[in-house]
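Below: the structure, in structure tokens.
The values are calculated or read from the model by the stated rules, or taken from the named source; none is laboratory data. Owing to the predicted nature of the structure, the values given are computational and were not obtained by experimental measurement. Because the Cβ atoms are built from the backbone with ideal geometry, glycine has one as well, and the counts that use them run over all protein chains shown.
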Amino acid sequence: MSDAQQPQLSEHYASRKPSAIRLAQIEFMRRRDGCEAVNVAIGNVSLPMHPAMQRRMRSLGDAPITASWPTRRRSARRSARTPSAT
């Protein structure tokens, strides 16, 4: 078992650099002033909704949301393209 080869990193993998987030984490770990990290999870970044989409959603009011509209529309397009079987 002592004759086993040690794994070698590829040139590509050996040349990789840490991401900006990882560099910030490394830098933070070097601090010795007693500072503690609070909520360091990145998770999903929430962006504001586009104003036009906000208007559309507000105009829905209490209208029911159904999944049948896109299905009907797709089937209408499909049937218009397929030749009739007569």
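Of the residues making up the stretch 2-18, none is part of a loop (DSSP other than H, G, I, E, B), at positive phi, at pLDDT 85 or above and over 31 Å from the mean Cα position of the chain (by Cα).
Entry remark, the stretch 1-32: residues being surrounded by 10 or more Cβ atoms within 10 Å (Cβ to Cβ) and of a type outside the set (A, V, I, L, M, F, W, C) number 4 in total.
Among the residues in the stretch 66-80, are any surrounded by fewer than 10 Cβ atoms within 10 Å (Cβ to Cβ), touching a Phe, Trp or Tyr at 6+ places or on another chain (Cβ under 9 Å) and at pLDDT below 90? So far as the stretch 66-80 goes, no, none of its residues is surrounded by fewer than 10 Cβ atoms within 10 Å (Cβ to Cβ), touching a Phe, Trp or Tyr at 6+ places or on another chain (Cβ under 9 Å) and at pLDDT below 90. Listed by first and then second residue, the pairs linking a residue in the stretch 35-54 that is charged (D, E, K, R) to a residue that is at pLDDT below 85, with Cβ atoms under 9 Å apart and 6 or more places separating them unless they lie on different chains, form an empty list.
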